[in-house]
Each structure stands twice: as C-alpha cells, then as structure tokens.
Amino acid sequence: MAHHSHRPVFIVTGAARGLGKAIAEKLVADGAAIVPVVRSDASAAALRALFGEAAVVVTGDVNAQDTAAAAVAAGLERWGHVDGLVNNAGVIDPIGAIAETDAAAWDLSIRTNLVAPYRLMRTFIGAAGSTAERRRIVNISSGAAHHPVEGWSAYCAAKAGLAMLTRSVQLEHGAEGVVAFGLVPGLVDTDMQAAIRSSGVNDVSRLPRSALRPAAEPALAVAYLLSGAGDDLAGGDVEIRDAGFRSRVGLPPL
C-alpha cells in the first residue's frame with residue numbers, strides 16, 4: 001500500500017547505463033525516489049542492488065504498449081505520487097545515408113526516440129497523484145534536433161520531433177502545472193558515443209574520446225531542471241553549453 005512520501009518521485013527511462021544511469025544516481029543522491037525503466041532482467045537486478053529502497057525498477061522496452069503505464073503505476077503504488085519524468089532512452093542507429101538505411105531500423109529509431117517519449121508523457125500527464133503543484137518533464141534532446149548531421153537522418157528527425165513535443169506539452173498543459181524542458185546534453189562519454197566513433201560517419205565520429213564530457217554534468221543539469229530552479233526556462237530546449245545556464249547549475253565554464 002502506498003504511503004505518501006514527501007520526497008519527489010521521478011521516472012527515468014534508459015537507466016541501465018550511460019546518461020540515464022548517471023541521472024538516476026544523481027537524483028537518488030539528492031534524496032529523490034526513482035522508477036528506472038530498463039530492458040533486461042540483468043540491468044534491473046543491478047539497479048535494485050545499487051539503489052535499494054530508493055527505487056522501484058520496471059523492466060520493459062519503452063516501445064512496448066504497456067511500459068509507460070507500468071512505470072507510472074509503480075511509482076504511484078510505492079510512493080503515492082509521481083512528480084517527474086526523464087525521457088532519456090534513445091538509439092542512434094541506423095547510421096548511414098538515407099537511401100542506404102535499413103527501413104525497419106529507421107522506423108524503430110522514430111518509435112524509440114519519439115513515439116515512446118510521447119507515450120510516456122501522455123501517460124504521465126494523465127496520471128493523478130502528484131503532491132507537488134508542478135510536475136516536470138525533461139526530454140533528453142540533442143544538437144541533432146536543430147542541425148542535420150550526415151548519416152543521422154533518423155536520429156535528427158526523431159529528436160527534432162521530440163523538441164517540438166516539448167514545446168507542445170508546455171503549450172497545452174502548462175496551465176495545469178506541467179512543466180517541460182528539453183536538455184541538449186552535449187557530447188557525453190557513453191556507449192552511444194562509442195557506437196558513433198565506430199561508425200566512422202561524419203565529424204562527430206572523428207572526435208577523440210577526450211573531447212567528450214562526463215555524464216555527471218548533464219545529470220546535474222537534469223536534477224536542476226527537475227528541482228524547479230529552472231522553471232523560467234520551460235517550454236523549449238536548454239543547451240548545456242550555454243554559459244549562463246552552466247553557471248546557474250554550478251557547472252564549470254567550458
């Protein structure tokens with residue numbers, strides 16, 4: 001039976017590794033409870049061991065029809081409220097020229113990077129039970145949402161769509177206390193960047209690993225946005241490279 005806790009409860013998708021895991025760790029360190037969404041039983045077991053009572057782990061693919069409902073229900077059942085959602089799960093594949101891409105992989109990219117976040121936002125917004133005046137959504141965006149990158153047509157198109165969804169949520173649901181942000185996290189040292197380097201396509205793939213920033217930086221930025229301290233920035237993409245934003249969050253200048 002849910003007991004109403006006073007600590008905030010946040011859903012984080014793609015929490016098994018990389019940026020999602022860093023976000024989950026930062027939120028828990030700050031005293032929040034989390035509902036991490038991961039795909040494999042092994043990942044779920046690892047996160048249960050890592051976070052203990054601070055997490056209810058949901059195992060499911062974000063593309064499955066019932067995953068969003070399962071994540072929201074898990075938070076409500078354990079803590080009585082869900083206060084925030086981080087749409088972090090994403091895929092970079094397929095990488096290649098449009099005419100040469102695998103059509104099924106391209107379709108899967110749009111579903112994973114755009115349709116799944118839509119489904120999670122729709123379910124989260126429709127759920128009752130927040131104790132807070134405001135509920136917050138952070139969609140992990142990308143510079144690719146705003147500039148085409150050779151070989152990344154699916155990722156660019158999906159992230160552009162997600163950036164517009166962030167704006168749409170603010171337009172349609174802002175008055176009822178739903179606050180939405182996109183965060184452009186910069187080039188972060190994760191497995192996704194390893195896949196990009198191995199592809200050899202475009203300038204991003206040729207960046208040395210030393211040019212990448214640690215995942216702890218965007219994790220701190222996400223926690224800041226979820227805290228309410230950045231509500232004046234709601235309704236669009238926030239760029240982690242922006243000097244003013246970095247100083248607000250407490251990140252070192254680039």
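The values are calculated or read from the model by the stated rules, or taken from the named source; none is laboratory data. Since the structure is predicted, the reported quantities are computational estimates derived from the model, not experimental observations. Cβ sites come from the backbone with ideal geometry, for glycine too, and all protein chains shown count toward neighbours.
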When the residues of region 191-202 are narrowed to those that are under 16 Å from W152 (Cβ atoms) and touching a residue at least 40 places away in the same chain (Cβ under 8 Å), which ends up surrounded by the most Cβ atoms within 10 Å (Cβ to Cβ)?
I196
Residue list for region 146-155, restricted to those being assigned to a helix (DSSP H, G or I) and either farther than 16 Å from P94 by Cα or of a type in the set (F, W, Y) (or both):
Y155
Say we look at region 114-144 and pick out the residues that are over 12 Å from the mean Cα position of the chain (by Cα), small (G, A, S) and not in a helix (DSSP H, G or I); which of these is surrounded by the fewest Cβ atoms within 10 Å (Cβ to Cβ)?
A128
Region 230-254 - residue that is in a loop (DSSP other than H, G, I, E, B), more than 18 Å from the chain's Cα centre (by Cα) and farther than 17 Å from S142 by Cβ and, of those, modelled with the lowest pLDDT
L254
Please find, within region 50-70, the residue that is nearest to the chain's Cα centre (by Cα) out of those that are in a helix (DSSP H, G or I) and within 14 Å of Y118 (Cα to Cα).
A68
Take the residues of region 72-113 that are small (G, A, S), in contact with a helix residue (DSSP H, G or I) (Cβ under 7 Å, 6 or more places away or on another chain) and not in a loop (DSSP other than H, G, I, E, B): which is nearest to G177 (Cα to Cα)?
G84
Pairing a residue in region 167-187 that is closer than 18 Å to L114 by Cα and surrounded by 15 or more Cβ atoms within 10 Å (Cβ to Cβ) with any residue that is among the basic types (K, R) and modelled with pLDDT under 95, where Cβ atoms lie under 8 Å and the two sit 6 or more apart in sequence or on different chains, gives V184/R241
On the basis of being of a type outside the set (S, T, Y), in contact with a Pro (Cβ under 8 Å, 6 or more places away or on another chain), modelled with pLDDT of 95 or more and closer than 20 Å to I137 by Cβ, does V58 make the cut?
yes
Residue pairs qualifying under the 8 Å Cβ cut-off, at least six apart or on distinct chains, with the first in region 24-49 being touching a residue at least 40 places away in the same chain (Cβ under 8 Å) and surrounded by fewer than 19 Cβ atoms within 10 Å (Cβ to Cβ) and the second being part of a helix (DSSP H, G or I) and β-branched (V, I, T), are none
From (1) in contact (Cβ under 8 Å) with a residue 40 or more places away in the chain; (2) assigned to a helix (DSSP H, G or I); (3) closer than 15 Å to N87 by Cβ; (4) in contact with a helix residue (DSSP H, G or I) (Cβ under 6 Å, 6 or more places away or on another chain), pick out the condition that doesn't hold for A223.
(3)
